[in-house]
Each structure stands twice: as structure tokens, then as C-alpha cells.
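Below is one structure; the comments refer to it alone.
Any read-out appearing in this document is the output of simple, stated calculations on the displayed coordinates, not a laboratory observation. Everything numeric in this text was worked out from a predicted model, so none of it was measured. Ideal geometry is used to build each Cβ from the backbone, glycine not excepted, and the neighbour counts take in all protein chains shown.
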Amino acid sequence: MKKIDFSKYTVFIAFIILFITLSFLSKDFLTKDNLLLVLRQISINGLIAAGMTYVILTGGIDLSVGAILGFSSMSTVLILNSGIPTILAIILGLLVGTCLGVLNGIFIAKAKLQPFIVTLATVSIIKGLTLVISHSMPVSVLSSHLDYLHIGQGFVLGIPIPVIILVLVFIIFWFILMYLPFGKKVYSIGGNEEVARLSGIKTDQTKIIIYGLIGLTSALAGIILSSRLGSASPMAGNGYELDAIAAVVIGGTTLSGGKGSIVATFIGVLIIGILSNGLNLLGIPSDYQNIVKGAVILFAVLIDQLKKE
Amino acid sequence: MKKKIITLCLGLFLIVGLSGCGGNESKESEGKVGFSISTLNNPFFVSMKDAADAKAKEVNLTLEVLDAKDDAAKQVSDIEALINKDIKVLLVNPVDSKAIAPSIKAAQAKGIKVITLDRTAEGVSVDTHIASDNVAGGKMAAEYMVSKLKANDKVIELQGIPGASAAIDRGQGFDDAVKGKLDIVAKQTANFDRAQGLSVMENLAQANPGFKGVFAQNDEMIMGALQAISDKEVITVGFDGTDDALQAIKDGKLDATVIQQPDKIGALGMENAAKLIKGEAIEKTIPVDLVLVTSENVADFLK
């Protein structure tokens, strides 16, 4: 127990150091407007990373989240534009994402295939499907459905709606993980799946639900993105899996499963978010940005490892 | 339970599939042309392919298109497959200008005529190259912006994928033409992506208050950036002339874009393929005009 708490602590320190450094380097960083902006920007990666934490805690991985995001946002906008009420289109879009996740889960749990391979294959299938249904063209939300844009662009009490959704999802995911029996199942599968099975946990069912959940949060992220942009792009979500996995790993969750925390994932998401924002504010030339991002990720993980030892 | 879930899933996909499906048709012809295209995951190249398809019917040729999915290695095997299908002309839109040369030589060794579209092939001579000049396009965008703004006004440039030829050329054309006239206060990449266009623009707007103009090296990025620009006075210019961008110009949200006319590139490709098959002589390079689209002429380009 002590070890887990300790690693949570280090990622928090890394975040504080980065935050203070950026505040000193750029006068535009520490303003209310800029910080709200960062929170809204991280909502997409944050939602995916919440689901990814569960998946990685069980020792799995999901490479298809970006593809699911793209397909769900595209199908939601197409369904919406075909004249179906906004709420119904959103529910259908969320169901589409959840189903894709469940299908991943069935292949992984029932057919006992490696999550890496299954989701690598489904990335290709789902991206292809997105191109087919969109004819490879971006699709704009029709002006008859402008209420849809409220999800990504609206505010409640001065707080962007995507931020509220993000925080709610993290609270729910944190509560489940800490206090509900399902959370214990997630940890025990990651600790030792065979022992978990022998102790009476329905491991297959739990895994299918977990992949369904990440499908759901990816679809939610896709809906927010398309609402924010007023359109769905056939290329949306490309490479998003890497940012989500990076956030979880920076948060100290081990890729072999069993150890980690969702609060730390949130900090990981924040680190990636303020880094992208800070690099823009500082005007770092584009060619150097990838190097800085990679180096910070490596550094954060390294600190975590050194502290553990 | 499981069956129900699967049935539900399949049902859902059917709904989604039906809301966006089309059909195919085929016809007899007098010659076969192969078209290896860099990617169909981008509206620009889809228009190029669609126009080539339409022109193929007009000139009564069969066109076989293979999508290299932006993978230079896949393009090599695609072209091998096309060579084996007894094509008379090969249209190539290279993923990588350098890596494509051996494939083109292999086709030419079999007596196949080769036309490059949009991107050149280095180290090999082809029958003709059809493209528009991205440097000239960047310059057009710059001249428009200079004409709309005061001297030394602050402008922001959203760059494409670092290292991509379109990003380099458009950037060079723009930067050279605004030098000494406007002040580029920030140049950052948004990787030709709409979502990144939005977030990078949001960030840059924080750091550079008082900017008067934004040039994005493609329309996807400027469409994202528009969501982050609240000041109606800011002059916004994109590049490519996608349907969304043209609509935005019509609606008064976007000021201008530089149109590349990929459909013209595709159609000219087929037209010249037909000429080569008939044994007619064609030009070594065929330039395709770029056009600056503003609210004044947008009606001519909206479909």
C-alpha cells in the first residue's frame, strides 16, 4: 500500500515543478482564461485515459481508442444529420463506441487473444469503417442541430461543459475503483488473473465490461470533439491512444497491471496538457516540440522508477 | 445475453452503414490505366481520384486505383501489382518522392508510360508531371493578407506536419512574401489537423494578444482555428479549398483560401494518359492554376 501512495506523490511533485516552471517562463500561463482553456483541451485525452487506466490495471492495453473515437464521432454526426433528435443521436453514438469496446473485450476475454494484437487489428477495421461511412470526407453538423454544439462549446456557471463531464467521469471512475466490488475485481485481475478466477471472480465478464467502458469514454470524447469543432473528421483520433497511454504511465500505473491509481492518471493528463499549452505559449519551434514532449514523459517515468527503488 | 449484445451491435452498425453508403458500377473500355495514390484518407486526394474516375469514363479507359495509405513500402507493391495487370499508363501520386524512383523505372522497363501527379519523383524522368506550385500558393495567401492589413500588423502562422513538402513550400511562399510587410509573431505546427488547429490557436491567442491575421497551411487547421478566434476583424486564410472552407467563406466566417483544384489534377492526369495511349506528344510539365477564393468568387467553386 505504502508504495502506491508514494508513487502518487512523485507524479504530483513532477506536476507542481512543471506548473511553477511554466508560470515563471510565460506570463500568459498562469491566468484563469488560460487554465480553463487547458482543462477544456485535456478533456478529450482525459476521458480516454480514465478508461485506459482500468484497462492497464488489468494488465491489458487498448490501441483502438483513437479509432473508436473517430468512428463514434462520425456516426453520431451522420445520425444527427439524418434528422434524429440530438439526445437520441448522442445515446446511439455512445452505444456504438461501447459496442466496439465490448467486441474488443469478447475477443480478448473469450478467445484469449492478446489485447495488443486484437486492438491493433480492430484499429485498422474501425478506421476503414469510418472512411467508408464518411466517404473519406469531413462531415459538418447541419445548422438544424446547433444544440449539439453546446456539449463541446457551452459553459455552466463559467465552467466549460467538457470540463464538467471530465471531472464527473473521473469522480465516478475513482469511486468505482476505490469503493465498489468491481474496483477490487479490476485490481485482482491485474495482480494475478488465475488467482482472481479461482477466488470466484468472473474475470471474462469483468474484462468485457472494462473494454466496453473504454469504448464508452472514447465515444464520449469523440462526441465532445465533434461538438467542439462543429464537424466530424474521418481522421479524428489518429494517435490519441499514445497520449492516453502516456498519461496513465506518467501517473505511475504499471503496464503489467495490478498497481496504479486513477487520481495519478488525472495528474498525468494534466502534465501532458500543460506541456502542449506551454510549448505553444513559449513559441518553441515546431521541430523541437516532439523532442521536449518525449523527454518530459521519459523524465517523469524515470523519477517514478527511481523513487520506487 | 451475449447473443443479444452482438445482435444489438450489428444492428447499430447497419444503421450507421445505411446512413452513409453508395454504390459502384463498371464499363467496358479500350485500355487500362493504373493509378497509385498516396492516400484516400484525405478529401484532397479523394477529389483527385473521383475526377480521374469520371474522366476515365469520358475517354473510355479502365482505371484501377490502389491506395498506398501513406506507406511508401505499400506503394512499391501496389505498383508491382498494377504492372502485372497489363496497364498502358501509370499515374503516380508518390508517398515519398525519393523512394518512388525504382518502382517507376520498373514500370518504364515494361514499356509503361508514367505520369506523376501533385508530387514529383526524384532521380527518374517521367512522361509528364502535373501539379500546382505550393510556393506560389503561399505567396498568394501572403499578398491577400498584406492587402487587407496595415504594415507590421501581427500575424500567426499554423504550420503543417513538420518536414512535409506541402508545409515547407506553403510556409516558404508565405514567409518570403510577408517579410518586411507583416510581423509573424508565432509559427507553430498543428499537423494539418482540425482538432489541433483549434487547441494550438487557443494557446497562441493567449500568448499573442492583438494579432490581426492567421494563415493556416491547410483548411482543416484554419477551420479548427476559427472556433478559437472571437475577434471578427482578424483576417483568416486557409489553403486547399475544401467544401467546409468554401462554405465558411460563403457564410462570412473565413476570409480566404487558396484552391489547389485536385479535381483538375486528376482529370488532366487521365486526359494525358489517353493522349499517351494514342501516341500523341504531351508537355513535360503541366501546371495547374491556383486560385485565391474570397467572398467575391466563392460562388464559382461551391458545388
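Which of rounded, prolate, oblate describes the range B:194-240, given a ≥ b ≥ c as roots of the alpha-carbon gyration tensor eigenvalues and a/c under 1.5 marking rounded, otherwise prolate only if a/b is larger than b/c?
Oblate.
Summing +1 for each Lys or Arg and -1 for each Asp or Glu, what net charge is found among the other residues whose Cβ lies under 13 Å from the Cβ of B:G238?
-4
Working note: Karplus 6.51/-1.76/1.60 with θ = phi - 60° gives the range B:293-303 the couplings 9, 10, 4, 6, 10, 4, 4, 5, 10, 6, 7 Hz, where Gly and Pro are set to x.
What is the distance in Å between the Cα centroid of the range B:56-81 and that of the range A:239-274? When both Cα centres are located, 41 Å separates them.
Please go through the residue pairs A:K32/B:K181; B:K139/B:K278; B:K98/B:K278; B:K69/B:K110; B:K232/B:K264 and name each one whose alpha carbons sit more than 28 Å apart in this structure.
On the way: A:K32/B:K181 34 Å; B:K139/B:K278 38 Å; B:K98/B:K278 30 Å; B:K69/B:K110 25 Å; B:K232/B:K264 33 Å.
Table pairs above 28 Å Cα-Cα are A:K32/B:K181; B:K139/B:K278; B:K98/B:K278; B:K232/B:K264.
Under 5 Å between amide hydrogens, built in the peptide plane, is the criterion, and for B:L63 it picks out B:V33 among residues at least 5 positions away or on other chains.
What does the helix-only formula give at 222 nm for the protein assembly as shown: each DSSP H stretch with n ≥ 4 adding -39500 (n - 2.57), the total divided by the residues, and the result rounded to the nearest 500 deg cm²/dmol? The helix-only estimate for the protein assembly as shown comes to -19500 deg cm²/dmol at 222 nm.
GNM on chain A, C-alpha springs below 10 Å: top fluctuator among A:F71, A:F29, A:F266? Looking only at A:F71, A:F29, A:F266, the biggest GNM fluctuation is shown by A:F29.
In a reduced charge model with +1 at each Lys and Arg Cβ and -1 at each Asp and Glu Cβ, chain B shows a dipole moment near 580 debye about its Cα centre.
For a test of the definition: using alpha carbon positions, the gyration tensor, and the 1.5 limit on a/c, classify chain A as rounded, prolate or oblate. In terms of gyration-tensor shape, oblate. Shown in residue order for the range A:242-254 are the 3J(HN,Hα) couplings computed by the Karplus curve 6.51 cos²θ - 1.76 cosθ + 1.60 at θ = phi - 60°: 5, 5, 5, 5, 4, 4, 5, 5, 4, x, x, 6, 7 Hz (x for Gly and Pro). In this structure the amide hydrogen of B:T236, modeled in the peptide plane, comes within under 5 Å of the amide hydrogens of B:V214, B:D255, B:A256, none closer than 5 places in sequence on its chain. If you run the Gaussian network model on chain A, springs between alpha carbon atoms under 10 Å, then out of A:I125, A:I151, A:I68 the most flexible one is A:I125. Diagonalising the gyration tensor over the Cα atoms of the range B:134-259 and scaling each eigenvalue by 5 before taking the square root yields semi-axes of 17, 17, 15 Å, largest first. Taking Cα centre as origin and charging only the Cβ of basic (Lys, Arg, +1) and acidic (Asp, Glu, -1) residues, the dipole magnitude of chain A rounds to 600 debye.
Scanning residues 5 or more positions from A:G251 or on other chains, those with amide H under 5 Å from its amide H are A:G268, with H placed 1.01 Å from N in the peptide plane. Shape analysis of the range A:166-309 places it in the oblate category; the axes a ≥ b ≥ c from the Cα gyration tensor give an a/c of at least 1.5, with a/b not above b/c. Counting only alpha carbon atoms, the long axis of helix B:134-148 and the longest principal axis of chain B meet at about 30°. Over the C-alpha trace of the protein assembly as shown, radius of gyration and Dmax come out as 25.5, 81 angstrom.
Given C-alpha coordinates of chain B, what is the ratio Rg to Rh with the Kirkwood estimate of Rh?
Working: Rg = 21.6 Å, Rh = 20.9 Å.
My calculation puts Rg/Rh at 1.03.
Of the beta bridges DSSP finds with both residues in the protein assembly as shown, what % are antiparallel, to the nearest 5?
Numbers: 7 of 44 bridges.
So the antiparallel bridges in the protein assembly as shown amount to around 15 percent.
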